[in-house]
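K.L.:
Okay, here's the structure, questions in a sec.
Rule-based calculations on the coordinates, nothing more; no lab input. Predicted, not measured: the structure shown is a model, and the values here were computed from it. Please note: Cβ atoms are built from the backbone with ideal geometry, for glycine as well, and neighbour counts cover all protein chains shown.
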Amino acid sequence: MRLLVINGSPHAAEGNTAALTAELVKPWREAGDEVVERYVARMDVRPCVARALCLAGEPCPIKDDVAALHAEMRAADALVLAGPVYVFSVTAQLKAFLDRSMALLHRPEMTGKHAVAVATSAGMGEQETARYLATCCEMLGYDLVGELAGVFMVYSRPNDGEALFAKARRLGEELVLAAREKRKYPKLGLHAAQHRFLRDLIQRNRKLFKGDHAYWQERGWLETRWPPKGDY
Ligand SMILES: Cc1cc2nc3c(=O)[nH]c(=O)nc-3n(C[C@H](O)[C@H](O)[C@H](O)COP(=O)(O)O)c2cc1C
């Protein structure tokens, strides 16, 4: 099995977020499975230019590393979506990647896979940012195993020391079991509201959102309220 870690920190493997995710992925490695780490700030990930071709089901005109990263998400069994808090939210680099993933967020392909969201900060905004990343995971179709928010006021040392790392390991152990046993996790309430929002948006803009409309229609989701039909 393969776990993909997408980390939005410019500190990449040397950062606080990487230190925390390293603990989280230990059980995955110990189980003998593969871990692939990607640092979007070290990749060619350019911002969305809003041509909306992806919504129509056409390829993005920007040729950079985003399509390859999406292919890696499809090829992996699980995802850790992680990043530091920058001004109460994710880094610009991670946000650019998420913006460029809009079609995927509209068409939740990652069903049957599992995800964990991670955010680190110096003391403000980590819960909200972890929640935001967790919501993105659910919108992508992942079963959300959990979210982890950590405070590192001193560089590379979490405020609550070992307790945070121990929590990360426990969550990592659950991620291994969730993936092996194909566990299902209930979607959060916010997700139902987003489903209704997307359904209405896609129905009202069916010409512009041609690709989304076809995807939702095929699955019978345009007629359903929450929860939709099928494995989502
Ligand atoms: C531009 C910038 C903005 C930041 N904004 C916040 C913030 O709003 N709240 C906070 O608690 N920490 C903030 N921080 C601190 C980082 O979130 C924190 O040091 C984080 O653990 C860094 O993780 P990394 O080493 O993986 O990049 C900011 C840091 C930078 C460089």
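K.L.:
Of the candidates GLY211, GLY172, GLY141, which one comes out as most mobile in a Gaussian network treatment of the chain with C-alpha springs shorter than 10 Å?
P.N.:
GLY211
K.L.:
Moving on. Working out 0.36 nm times the residue gap between GLN127 and VAL154, then minus their Cα-Cα distance, what length gain in nm do you get to one decimal? Could you put the intermediate results ahead of the total?
P.N.:
Working: separation 27, 0.36 × 27 = 9.72 nm, distance 1.83 nm.
Value of the extension gain: 7.9 nm.
K.L.:
Taking a cut-off of 22 Å, what percent of all Cα-Cα pairs in the chain are separated by more than that? Intermediate values should be presented prior to the final figure.
P.N.:
On the way: 13799 of 26796 pairs.
Of all Cα-Cα distances in the chain, 51 percent exceed 22 Å.
K.L.:
Taking DSSP loops as anything outside H, G, I, E and B, show the longest stretch in the chain free of trypsin sites (Lys or Arg not before Pro) there with at most 13 other beta carbons within 10 Å. It would help to have the intermediate numbers written out before the result.
P.N.:
Details: sites that count: ARG51, LYS63, LYS182, ARG183, LYS184, LYS207, ARG225, LYS229.
It works out to 64-181.
K.L.:
Let me ask something additional. Mind checking which of HIS114, HIS213, HIS191 has the largest fluctuation in a GNM of the chain, springs on alpha carbons under 10 Å?
P.N.:
Among HIS114, HIS213, HIS191, the largest mean-square fluctuation in the Gaussian network model of the chain belongs to HIS191.
K.L.:
Over 21 Å between Cα atoms, which of LYS63/LYS95; LYS95/LYS184; LYS26/LYS95; LYS63/LYS113 qualify? All intermediate terms of the calculation are to be shown ahead of the outcome.
P.N.:
Values: LYS63/LYS95 18 Å; LYS95/LYS184 27 Å; LYS26/LYS95 26 Å; LYS63/LYS113 27 Å.
Where the Cα-Cα span goes over 21 Å, the pairs concerned are LYS95/LYS184; LYS26/LYS95; LYS63/LYS113.
K.L.:
Rounded to the nearest 0.05, what FRET efficiency is calculated for LEU201 and GLU162 with R0 set to 35 Å and r the Cβ-Cβ distance? Walk me through the numbers on the way to the answer.
P.N.:
Working: r = 45 Å, r/R0 = 1.29.
Step by step, r from the Cβ atoms, then E = 0.20.
K.L.:
What fraction of the DSSP beta bridges in the stretch 2-184 is antiparallel, stated in percent and rounded to the nearest 5? Kindly include the intermediate steps, with their values, before the conclusion.
P.N.:
Numbers: 2 of 28 bridges.
Roughly 5 percent of the beta bridges in the stretch 2-184 run antiparallel, per DSSP.
K.L.:
Whose amide H sits under 5 Å from the amide H of VAL35, counting only residues 5 or more places off or on another chain, with H placed in the peptide plane?
P.N.:
LEU3
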